Amino acid sequence: MSDLTLILLSAGSSSRFSMDVKKQWLRIDHKPLWYFVAHRLQSSNNFSKIIIVSSSEDISFMKNYAEYTFVTGGKTRQESLKNALVEVDTEFVLVSDIARACISDDFLQRIIAKKGSSDSIVPYLKVTDTIVYGDETIDREQVKRVQTPQLSRTKVLQSALNQDEEFTDESSAIVSNGGKREFILGEESAHKITYIEDLNKIPCLEAPSQDILSGNGFDVHAFDDSGDMWLGGVKIDSELGFKAHSDGDVALHSLIDALLGAAGMGDIGMMFPDNDESYKGIDSKELLRRVVTKIYNFGFIIVNVDITIAAQKPRVGTYKQAMRKIISEILKIEMSRVNVKATTTEKLGFIGREEGVGVYANANLKYFNWKTIG
Ligand SMILES: C[C@@](CO)(OP(=O)(O)O)[C@H](O)COP(=O)(O)OP(=O)(O)OC[C@H]1O[C@@H](n2ccc(N)nc2=O)[C@H](O)[C@@H]1O
């Protein structure tokens with residue numbers, strides 16, 4: 001049984017990355033970055049446990065990829081680390097930032113080889129530039145650029161993090177609390193992805209797969225006599241409405257299921273339960289906006305969508321263009337990539353008996369190709 005646990009911190013907001021996609025969801029082939037890093041480190045060493053720290057929204061999607069121990073992060077890196085340490089039951093712990101994607105096997109083994117020789121094993125890089133601190137030029141031989149992963153004695157680290165002061169790395173907390181650290185030479189390839197430009201400095205990452213990811217949706221709603229009918233994001237002139245918890249826009253619900261399906265994110269009822277009071281009467285365009293935000297945040301782009309409304313009534317011909325316009329605006333794609341069509345069922349079945357409307361939808365996604373930027 002290994003005496004070493006791996007903690008990967010991936011709860012950052014990616015605010016400095018300033019793109020729709022959160023950096024932990026950049027793809028390498030089909031693997032999101034967080035999973036690429038965890039899988040790469042797992043292949044290099046037999047850890048007792050691998051703990052991934054992220055937001056609850058990310059964790060619910062991360063579980064699609066692997067069965068690691070997932071821990072919800074805190075407001076700061078230190079708080080996230082304290083949350084993760086609760087799950088550690090080994091003498092030693094290796095902590096790394098998910099944004100350091102290209103940690104080589106040699107680098108990892110050099111750190112692990114030092115296990116036990118100090119309270120904290122800390123990789124660093126030398127500085128070659130002239131360093132001016134305030135107005136004073138300081139001796140750069142004394143300056144170290146500290147990296148992760150850092151290997152700590154678990155109990156020493158837990159004690160060090162109980163101080164009030166916030167630290168940006170484990171070794172600083174440990175030394176501040178009277179512990180010892182030993183520096184070892186790091187490596188440039190363990191560069192941390194912070195800004196978009198950093199993507200050009202990460203040699204080990206191959207481009208995302210360019211496969212098309214296809215999903216489909218189907219939804220049905222019965223008519224009611226509310227006279228408040230919304231369909232495809234557009235108000236329909238009708239004495240009828242749709243029986244529903246939300247505004248009943250069955251076309252947008254079907255489109256949402258197609259988008260979630262293509263992304264592997266389950267279905268609309270999982271994301272917006274129809275017994276949740278906060279969705280009572282909600283405008284389904286708002287539900288679609290939340291899904292689109294999640295789609296872009298998690299590293300997808302929308303290629304095209306196609307919607308088929310199966311209904312004896314209302315006739316939707318005159319509304320199609322308005323539907324395509326509002327849907328393309330919400331999806332942030334050209335209107336030419338949004339198709340809306342309609343069909344009757346030749347008076348067959350519940351649709352033919354004018355009891356309600358059914359809608360089929362297809363959506364095609366791709367991974368955001370970060371290799372084409374910067
Ligand atoms: C939009 C919302 C929110 O207001 O309600 P409506 O306005 O349509 O009523 C819901 O998201 C609309 O969810 P939708 O998925 O269409 O509702 P349902 O068909 O009742 O399914 C609800 C949930 O039950 C699950 N489900 C459904 C059918 C089934 N045989 N087994 C299941 O486990 C589905 O995975 C779904 O997550």
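Tabulated values for the structure
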item	result
Over the chain - Rg/Rh using Cα atoms and the Kirkwood inverse-distance radius	1.11
Rounded accessible area per residue of the range 317-374, 1.4 Å, Å²	54 Å²
Only Lys, Arg (+1) and Asp, Glu (-1) charged, at Cβ; the chain dipole about Cα centre in debye	740 debye
Amide H contacts under 5 Å for K49, placed H, 5+ residues apart	L6
Solvent-accessible surface (1.4 angstrom probe) belonging to H253, in square angstrom, nearest 10	10 Å²
Listed residue (S278, G74, L199) projecting farthest to the positive dipole end of the chain, Cβ model	L199
Mean projected area in nm² (Cα convex hull; one quarter of hull surface) for the range 313-356	3.5 nm²
Over the range 81-186, volume per residue of the alpha carbon convex hull, in Å³	129 Å³
Net charge dipole size for the range 4-201 [Lys, Arg +1 and Asp, Glu -1 on Cβ; Debye, nearest 20]	440 debye
Furthest towards positive pole of dipole, T344, S56, W230, structure part the chain, Cβ charges	T344
Evaluated at q = 0.13, 0.19 Å⁻¹: base-10 log I(q)/I(0), Debye formula over Cα of the range 188-232	-0.60, -0.79
The chain - mean residue ellipticity at 222 nm from DSSP helices (-39,500 (n - 2.57) per run, n ≥ 4, rounded to 500)	-7500 deg cm²/dmol
Length released on extending from E57 to Q42, taking residue separation times 0.36 nm less the Cα-Cα span	3.0 nm
Counted charge near S209, where neighbours are those whose Cβ lies closer than 14 Å (Asp, Glu -1; Lys, Arg +1)	+1
Alpha carbon centroid spacing (whole Å) that separates the range 4-31 from the range 298-350	34 Å
Distance between the range 37-89 and the range 136-156 - C-alpha centres, whole angstrom	24 Å
Antiparallel DSSP beta bridges within the chain, as percent of all bridges there, nearest 5	60 percent
Cα-only radius of gyration and Dmax that characterise the range 6-97, units Å	12.7, 39
All-pairs alpha carbon distance profile, the range 212-282, 5 Å steps from 0, percent	4, 17, 24, 23, 18, 9, 4, 1, 0
Net dipole in debye of the range 306-374 [+1 Lys, Arg Cβ; -1 Asp, Glu Cβ; about Cα centre; nearest 20]	200 debye
Neighbour net charge for F92 - beta-carbon separation under 13 angstrom, K R +1, D E -1	0
Radius of gyration and maximum dimension Dmax of the range 213-372, Cα, Å	15.2, 53
Built amide H within the under 5 Å cut-off of I282, gap 5+	D247
Under Karplus coefficients 6.51, -1.76 and 1.60, residue-wise ³J(HN,Hα) of the range 84-100 in Hz, glycine/proline x	5, 4, 4, 8, 8, 10, 10, 5, 10, 9, 10, 10, 9, 8, 4, 6, 8
Projected-area average for the range 43-95 over all orientations - Cα convex hull basis, square nanometres	4.1 nm²
Rg followed by Dmax, in Å, when the range 1-160 is reduced to its Cα trace	16.7, 52
Cα→Cβ-extended label distance, 7 Å offset, between I282 and V86, nm	2.8 nm
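The values are calculated or read from the model by the stated rules, or taken from the named source; none is laboratory data. Keep in mind the model is a prediction, meaning the values are calculated, not measured. Every residue, glycine among them, receives a Cβ derived from its backbone with ideal geometry; neighbour counts consider all protein chains shown. To get the accessible areas, we keep the full protein, side chains included, count just its heavy atoms, and leave off ligands, DNA and RNA. Shrake-Rupley method; radii C 1.70, N 1.55, O 1.52, S 1.80 Å.
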